[in-house]
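A short worksheet on the structure shown next.
The values are calculated or read from the model by the stated rules, or taken from the named source; none is laboratory data. All of these numbers come straight from a predicted model, not from anything done at the bench. Note that we place each Cβ from the backbone using ideal geometry, even for glycine, and neighbour counts take in every protein chain shown.
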Amino acid sequence: MKAVSKGKSKKTKSDATEEVWNLRLYVAGQTAKSISAFTNLKKICEEHLAGKYQIEVIDLLKNPQLAKGDQIIALPTLVRKLPEPIKKIIGNLANTERVLVGLDIRSV
């Protein structure tokens, strides 16, 4: 019985470390850069965060007021809301290594 209890607590601990990554991608319409950024982000998430991520795409042409909350100054911009701290990466996310380091998925 104690072994089962330990197993559960270990599982709970590992579940806590595998939290969901909340990512926001700010874009301006369906431009080539916007589509490229989303495609690159999706690929990176599937390879490194499979089943542990949520992507929210925010089109600032439709909702420009949303740029203020995350202080968006360039597009496309990726914002990692969770896990904290908040991180931002500007560009089309084509440099996978830069994105992984920037999001703290991989260390330098």
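General remarks:
- Per-region count, the range 38-64, residues β-branched (Val, Ile, Thr), surrounded by fewer than 18 Cβ atoms within 10 Å (Cβ to Cβ) and either part of a helix (DSSP H, G or I) or at pLDDT below 95 (or both): 1
- Any hit, the range 93-100, residues being modelled with pLDDT of 95 or more, part of a strand (DSSP E or B), in contact with a strand residue (DSSP E or B) (Cβ under 8 Å, 6 or more places away or on another chain) and closer than 13 Å to TYR26 by Cβ: no
- Subset of the range 93-105 [within 17 Å of LEU49 (Cβ to Cβ) and either aromatic (Phe, Trp, Tyr) or touching a residue at least 12 places away in the same chain (Cβ under 8 Å) (or both)]: LEU93, THR96, VAL99, LEU100, GLY102, LEU103, ASP104, ILE105
- A Cβ distance below 7 Å, combined with a sequence gap of six or more or placement on separate chains, defines the contacts here; from the range 42-71, residues that are over 16 Å from ASN22 (Cβ atoms) reach residues that are in a helix (DSSP H, G or I) in the pairs LEU60/LEU66; LEU60/ALA67.
- Residues (in contact (Cβ under 8 Å) with a residue 24 or more places away in the chain, assigned to a loop (DSSP other than H, G, I, E, B) and over 15 Å from LEU41 (Cβ atoms)) located in the range 72-92: ILE72, PRO83
- Residue list for the range 94-105, restricted to those being surrounded by 14 or more Cβ atoms within 10 Å (Cβ to Cβ), among the aliphatic types (A, V, I, L, M) and more than 11 Å from the chain's Cα centre (by Cα): VAL101
- Residue that is nearest to ASP104 (Cα to Cα) [pool: residues in the range 65-84 that are exposed (fewer than 14 other Cβ atoms within 10 Å of the Cβ) and in contact with a strand residue (DSSP E or B) (Cβ under 6 Å, 6 or more places away or on another chain)]: LEU82
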